[in-house]
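The values are calculated or read from the model by the stated rules, or taken from the named source; none is laboratory data. If you're wondering where the values come from, they're calculated on a predicted model, not measured in any experiment. In this analysis, Cβ positions are derived from the backbone assuming ideal geometry, glycine residues included, and neighbour counts consider all displayed protein chains. Ligands, DNA and RNA are excluded from the accessible area calculation, which covers all protein heavy atoms including side chains. Shrake-Rupley method; radii C 1.70, N 1.55, O 1.52, S 1.80 Å.
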Amino acid sequence: MTTERRTAVLGRRSPLRKLMTDPQAAISAGLLLVVVLLGLVSPLLSDHGPNDASLDAVNAGIGTHDYLLGGDKSGRDILARLLASINTSVVSALIGTSIALAIGVTFGLIGGYFGRRVRGVTEWVFSFVMTFPGLILLIVLFPVTDGDYRATMLIFGVLLSPGIYRLVRNLVLGVKNELYVDAARVSGLPDRRILRRHVLTVVRGPVVIATAFLAGSSISVQSGLAFLGVGSSSVPSFGAMISEGFTNLYEEPLQFLWPSLMLGIITASLVLLGNSLRDALEGDRPKPSRIAAPERRPATAPTGTGADAPSSDAREADASATAPGLLTVEDLVIAYPTPSGELKEVVSGLTLSLEAGQTLGLVGESGSGKTQTAFAVLGVLPAEAVVTRGSIRLDGRELIGLSEGELRGVRGRSIAYVQEPMSNLDPNFTVGTQLVEGLRASSTMPRRAAREHVLALLDRVGIPDPKRTFFSYPHQISGGMAQRVLIAGAVASRPLLLIADEPTTALDVTVQAEILDLLRELQKELNMAVLLVTHNFGVVADICNRVAVMQKGRIVETGDALDLFTAPRHAYTRMLLDSILDKRTLRTDRPTTDARETDAREADTLETEAR
């Protein structure tokens, strides 16, 4: 094992190691293992079959007639029936649990991850299944199953699936909007791979504990039906033995004790083991840093009148922005349905363009629609979002209206995305695993070649020890290093356009300057266009060639960065500049007659501070 891999392993205990040091897990797993092994070797432990009867052994005592635990009221060996009942319970648990998990987990992932229509269909189907009274239905279907407990458990597994479906669906709804899931989609990973690697790993803990309860429920229901006499009398079962022991309780009470004790040991061990497994899987999983991300859904919609309407200068700038470029957005409108059914616009008539090798800063306060615009370009808007009109073209190709499969061919290849690092990296996997996975999703590169390419990229973006970082988990690296990791993954496929959404959030000034310098260098090397989404004018002054100012979903001013700082034309732009704290001058007392000179001095100050 290399030093880097050993460091990563020591930094995070494996679930198996934690289980081995957990007394509860060891005892419960040991008991279950012993019980199952007893069932498997039952022919070796008893010379009699479970249904072999002898009139001489009716209610035989312990150790008589070669019956170690005695005989029941029909003269059958209690030990042989007890061991055979273990096998019946194990088969019942396997059938019921596997059917419930296969149906519930599969459709829970689908219903939680995909859109409202798909979720509506799955909700209706599983709600319908839940209306059936389970135990009564199993009794009614006794003639159909012909008393075969395996067929009964198959039906019971279907009846158990709605509970698993709802559990998984709710968990997926909570995790599908995590930034690292969005990052996986942007890198070009298909939905099935995202569900398997990035979503299922998060929901597995609750599913594990639910599995233990499912197994216990299957065993209990099968035993309960056998206790009621539903099923074949020739199949040994704890329920049938308890029923017979109950009728013979006053004569031979031990006949009631043995199956009850064994059934209790199995169900209790399953529950305790499930709890231990859940703790092992979830307890040591590192949590991503919770840093406030840019607002995705503005609380108010633009009115389009009065002070909110774009000025004539803005309209002229927008008209000039329609010239052909690498990225061209024309008259884009994004809306969301309200509870009343009406559509509420969050981006209204947005128009902008971006050339290769150019950096465009999209600035505005939180809720102005910046991130919604970026998500529209990426094709990762939420399912409820509606693009009512507009056009988004990348290198001449229209993106609006493309299928998810076609968009996956664009993301990670032509468009890359960088956002807040600690939320965009999946805490369940090492840095190297995530970068290699994203690179292979956007190319046909073999795993070994992809690994070497990723190590070279980590070195290129300025990480001191690429191999150690490659084998580290996200929580083991700093915020600045994590941002460099994301940038390395973003430029791995040499994209035409890089969308950087608040790339320097929560970074100190020194690291922020280093990240901006790195972006500038990579942009020159790759002739890459950069759409920088930010509210930080210092970042804009440092790296942007042009600036587009957004207010309530509209572009109110567009122009060269220097011109915007020296002579802002729109009142909203001037307000944003006035909100910047200047160490030397109080902004509220700025003379209007010297506005241009003051703005020029402030622009110089911003450039100096940013650098």
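Odds and ends about this structure:
- Matching entry among 520, 546 (being within 29 Å of residue 335 (Cβ to Cβ) and open to solvent by 10 Å² or more (accessible area, probe 1.4 Å)): 546
- Residues of region 465-484 include at least one that is within 22 Å of residue 534 (Cβ to Cβ), in contact with a helix residue (DSSP H, G or I) (Cβ under 7 Å, 6 or more places away or on another chain) and among the polar types (S, T, N, Q).
- Each residue in region 261-272 was checked for being open to solvent by less than 40 Å² (accessible area, probe 1.4 Å) and either in contact (Cβ under 8 Å) with a residue 12 or more places away in the chain or not in a helix (DSSP H, G or I) (or both), and 6 pass.
- Given (1) more than 18 Å from residue 355 (Cα to Cα); (2) of a type outside the set (Gly, Ala, Ser); (3) buried (at least 24 other Cβ atoms within 10 Å of the Cβ); (4) out of contact with any Phe, Trp or Tyr (no Cβ under 9 Å at 6 or more places or on another chain), index of the condition residue 556 fails: (4)
- For region 560-574, the set of residues classified as closer than 17 Å to residue 538 by Cα and open to solvent by 20 Å² or more (accessible area, probe 1.4 Å) consists of 560, 562, 563, 566, 567, 574, listed by residue number.
- Any chance residue 290 is basic (Lys, Arg), out of contact with any strand residue (DSSP E or B) (no Cβ under 9 Å at 6 or more places or on another chain), at pLDDT below 65 and more than 17 Å from residue 96 (Cβ to Cβ): yes
- Scan region 362-392 for residues that are farther than 26 Å from residue 341 by Cα and at pLDDT 90 or above and the total you get is 3.
- If you go through region 126-176 and keep only what is farther than 23 Å from residue 208 by Cα and among the aliphatic types (A, V, I, L, M), you end up with 135, 136, 137, 138, 139, 140, 141, 144, 151.
- The selection criterion, being of a type outside the set (Phe, Trp, Tyr), modelled with pLDDT of 85 or more, open to solvent by less than 30 Å² (accessible area, probe 1.4 Å) and in contact with a Ser or Thr (Cβ under 6 Å, 6 or more places away or on another chain), does not hold for residue 499.
- Among the residues of region 406-442, those that are open to solvent by 20 Å² or more (accessible area, probe 1.4 Å) and without any contact (Cβ under 8 Å) to a residue 40 or more places away in the chain comprise 406, 433, 440.
- In the set (1) assigned to a helix (DSSP H, G or I); (2) open to solvent by less than 50 Å² (accessible area, probe 1.4 Å); (3) modelled with pLDDT under 80; (4) not small (Gly, Ala, Ser), residue 12 fails one condition alone, (1).
- Selection from region 166-201 of residues that are of a type in the set (A, V, I, L, M), at pLDDT below 80 and open to solvent by 20 Å² or more (accessible area, probe 1.4 Å): 183
- Test: residue in region 312-320 that is more than 19 Å from residue 417 (Cβ to Cβ) and either in contact with a Lys or Arg (Cβ under 8 Å, 6 or more places away or on another chain) or at pLDDT 75 or above (or both): yes
- Failed criterion for residue 470 (all others in (1) modelled with pLDDT of 85 or more; (2) out of contact with any Lys or Arg (no Cβ under 7 Å at 6 or more places or on another chain); (3) within 30 Å of residue 327 (Cα to Cα) hold): (3)
- Helices (runs of 4 or more DSSP H) fully within region 69-165 counting 3 or more residues that are open to solvent by 50 Å² or more (accessible area, probe 1.4 Å) and among the hydrophobic types (A, V, I, L, M, F, W, C): 78-113, 116-130, 134-140
- Given (1) assigned to a loop (DSSP other than H, G, I, E, B); (2) hydrophobic (A, V, I, L, M, F, W, C); (3) crowded, with 22+ Cβ neighbours inside 10 Å, index of the condition residue 507 fails: (3)
- Residues satisfying the stated conditions in region 45-68, i.e. part of a loop (DSSP other than H, G, I, E, B), open to solvent by 30 Å² or more (accessible area, probe 1.4 Å) and of a type outside the set (Gly, Ala, Ser): 47, 48, 50, 51, 52, 58, 59, 62, 64, 65, 66, 68
- Selection from region 202-249 of residues that are polar (S, T, N, Q) and either open to solvent by 20 Å² or more (accessible area, probe 1.4 Å) or within 20 Å of residue 93 (Cα to Cα) (or both): 211, 217, 218, 220, 222, 223, 232, 233, 234, 237, 243, 247
- Any hit, region 22-44, residues being in a helix (DSSP H, G or I), open to solvent by 80 Å² or more (accessible area, probe 1.4 Å), farther than 30 Å from residue 279 by Cβ and modelled with pLDDT of 80 or more: yes
- Annotation: of all residues in region 525-540 being out of contact with any strand residue (DSSP E or B) (no Cβ under 9 Å at 6 or more places or on another chain) and farther than 18 Å from residue 327 by Cβ, the one that is least open to solvent (accessible area, probe 1.4 Å) is 538.
- First in region 132-153 and at positive phi, second anywhere and part of a loop (DSSP other than H, G, I, E, B), Cβ under 6 Å, 6 or more apart: 147/231; 147/232
- Taking the criterion of being among the charged types (D, E, K, R) and either in contact with a Leu (Cβ under 8 Å, 6 or more places away or on another chain) or in a helix (DSSP H, G or I) (or both), the residues of region 455-483 that qualify are 459, 460, 467, 468.
- Residue 468 being among the basic types (Lys, Arg), without any contact (Cβ under 8 Å) to a residue 40 or more places away in the chain and open to solvent by 30 Å² or more (accessible area, probe 1.4 Å): no
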